[in-house]
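Structure first, then comments.
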Amino acid sequence: MQTVIQVITTGRGSLRNKIMSDPQLEKKFKLVPTEHQRPGRPHGWAKIHSAREAHGVINLEWHSRTGVLICRVVTKSGNKPNSIIGDFIDYLLARHQSRILAIHIMRR
């Protein structure tokens with residue numbers, strides 16, 4: 001199953017970069033950044049795993065022209081994405097609330 005979270009932001013700079021460089025991401029919110037932008041990819045991207053028992057991974061893709069962060073939540077083997085999505089939304093609202101205009105969650 002795949003869930004897409006669209007985060008519409010204001011302000012300058014990449015929200016993906018701010019998320020990936022935030023020391024609170026792992027310490028307080030138990031989300032572990034594992035991969036970061038490979039050469040040859042068109043948009044800035046990163047991967048986040050949960051350090052808890054939440055199953056799945058979140059792939060982050062930043063679109064600088066529109067100020068939109070696209071987050072694809074991928075789970076396998078029938079696992080539900082609710083735990084990792086909850087942890088990630090909790091993090092976004094706790095650490096970046098002033099930049100966020102809207103958060104849309106869509107199932108695919």
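Quick test for you: out of Arg52, Arg65, Arg16, pick the one residue that is of a type in the set (D, E, K, R), farther than 16 Å from Gln2 by Cα and touching a Leu at 6+ places or on another chain (Cβ under 8 Å). Answer to the selection: Arg16. Condition check for Glu35 on (1) assigned to a loop (DSSP other than H, G, I, E, B); (2) modelled with pLDDT under 90: one failure, at (1). The residues in region 48-81 that are modelled with pLDDT of 90 or more and out of contact with any strand residue (DSSP E or B) (no Cβ under 9 Å at 6 or more places or on another chain) can be counted, and the count is 1.
Residues checked against (1) out of contact with any Ser or Thr (no Cβ under 9 Å at 6 or more places or on another chain); (2) free of Cβ contacts under 8 Å to residues at least 24 places away in the same chain:
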| position | (1), (2) |
| --- | --- |
| Ser14 | no, no |
| Leu25 | yes, no |
| Ala54 | no, no |
| Arg65 | yes, yes |
| Thr75 | no, no |
| Ile85 | no, no |
| Leu93 | yes, yes |
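Taking region 1-29 as the range and being closer than 30 Å to Gly78 by Cα and at pLDDT below 90 as the test, the residues that pass are Met1, Gln2.
When residues in region 62-104 are screened for being β-branched (Val, Ile, Thr) and either exposed (fewer than 14 other Cβ atoms within 10 Å of the Cβ) or part of a loop (DSSP other than H, G, I, E, B) (or both), 2 of them pass.
Applying the condition of being more than 17 Å from His104 (Cβ to Cβ) and of a type in the set (A, V, I, L, M, F, W, C) to region 44-61 and asking which residue is surrounded by the fewest Cβ atoms within 10 Å (Cβ to Cβ) yields Ala51.
The values are calculated or read from the model by the stated rules, or taken from the named source; none is laboratory data. Just so you know, these numbers come straight off a predicted model, no measurement behind them. Reconstructed Cβ throughout: ideal geometry from the backbone, glycine too, with neighbour counts over all protein chains shown.
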